[in-house]
Amino acid sequence: CEAAILILLLLLGVLVAVVKHTMSLSSVGTPQTCCFDFFNGKIPVNKIKKIEKLDSRCANPGFLVTTEKRQICVGEDLTSELEND
C-alpha cells in the first residue's frame, strides 16, 4: 500500500514538472505579432509613423507598418509597397 502511494506521488510530481515546463516554453517561444494576410497596395511614405520587422519566429516574414490610422502587414519586399509623393 505504501509503495502504491509512493508511486502515485512520484507520478504526480513528474506530471507537475512536465506541465510547468510546457507552460514556460509556450510563453517564451511565442512572438507577440505575426501576420498571415499581407497588403498588396501602395502606402504613401508621408503617412508612415513606424516600420517594424516581424519576429523571426513568425511563419511568414515581413514588416508591420504603422500609419496615422492603422497597422498594415507588408511582405518582405517592403520597397515595392511604398509610394513616394
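The values are calculated or read from the model by the stated rules, or taken from the named source; none is laboratory data. Keep in mind it's a predicted model, so treat the numbers as computed, not measured. For neighbour counting, all protein chains shown are included, and Cβ atoms are generated from backbone atoms with ideal geometry for every residue, glycine included.
What are the pairs, 6+ residues apart or on separate chains, where a residue within segment 22-43 that is closer than 24 Å to Glu83 by Cβ has its Cβ under 9 Å from a residue that is modelled with pLDDT under 90 and in a helix (DSSP H, G or I)?
Final answer for the pair search is Phe38/Glu81; Phe39/Glu81; Asn40/Glu81; Gly41/Glu81; Lys42/Ser80; Lys42/Glu81; Ile43/Glu81.
Could you tell me whether any residue of segment 55-72 is free of Cβ contacts under 8 Å to residues at least 24 places away in the same chain, over 20 Å from the mean Cα position of the chain (by Cα), exposed (fewer than 10 other Cβ atoms within 10 Å of the Cβ) and part of a loop (DSSP other than H, G, I, E, B)?
yes
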